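Input: a single structure, listed below in structure tokens.
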Amino acid sequence: QIGEREYERAEGEIAAILKKNPNDVTALNLRAAKEAHQGRFADAERTLDRAIQSHPRDYHAYYNMATLYLQSKTDAIDGARRYYETGRAMGGPEDVELKAALEK
């Protein structure tokens, strides 16, 4: 189990990266994953929106948003599916686990 100290350290490193490059898509995806893992779903969604806005052709944020929708929203399968399909259209490889979750 990841403890608060590890989250604080990770956030410090992510913040340092984002200070140098506010739209670093990897750092934004990591921040969103950390926020989601902490149950801060609205924050994670805002962070992923920022990643998508700054890098609309990077499929990772779309896949992460689809996963976030499946984790945090009731009856959000259509939205999750749209994010996954957009990620695929941006060149993302098939994600077998995510695809299976969307087909349930």
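The values are calculated or read from the model by the stated rules, or taken from the named source; none is laboratory data. Source: prediction; values computed, not measured. We place every Cβ from the backbone using ideal geometry, glycine too, and count neighbours over all the protein chains shown. Remember, those area values only see protein heavy atoms, side chains included, never the ligands or the DNA or RNA. Shrake-Rupley method; radii C 1.70, N 1.55, O 1.52, S 1.80 Å.
Would you point out the residue of region 54-82, among those that are within 11 Å of the chain's Cα centre (by Cα) and open to solvent by less than 50 Å² (accessible area, probe 1.4 Å), that is farthest from ALA27 (Cα to Cα)? Give the derivation first.
Narrowing region 54-82 to residues within 11 Å of the chain's Cα centre (by Cα): 59-69.
This time we only want the ones that are open to solvent by less than 50 Å² (accessible area, probe 1.4 Å), so: 61-63, 65-66, 68-69.
Values: ALA61: 11, TYR62: 15, TYR63: 15, MET65: 15, ALA66: 18, LEU68: 17, TYR69: 20 Å.
Top of the filtered list is TYR69.
Please state which of the following conditions ARG57 fails to meet, knowing it meets all the rest: (1) assigned to a helix (DSSP H, G or I); (2) at pLDDT 95 or above.
(1)
Is one or more of the residues making up region 31-38 more than 30 Å from ARG5 (Cβ to Cβ) and surrounded by fewer than 14 Cβ atoms within 10 Å (Cβ to Cβ)?
Step one: list which residues in region 31-38 are more than 30 Å from ARG5 (Cβ to Cβ), which gives none.
Among the residues of region 31-38, not one is more than 30 Å from ARG5 (Cβ to Cβ) and surrounded by fewer than 14 Cβ atoms within 10 Å (Cβ to Cβ), which makes the answer no.
I'm told GLU35 meets every condition in (1) in contact with a Ser or Thr (Cβ under 7 Å, 6 or more places away or on another chain); (2) without any contact (Cβ under 8 Å) to a residue 24 or more places away in the chain; (3) not in a helix (DSSP H, G or I) except one. Can you identify the failing condition by its number?
Just one mismatch for GLU35, condition (3).
Identify the single condition in (1) surrounded by fewer than 21 Cβ atoms within 10 Å (Cβ to Cβ); (2) closer than 18 Å to ILE14 by Cα that ALA51 does not satisfy, given that it satisfies every other one.
(1)
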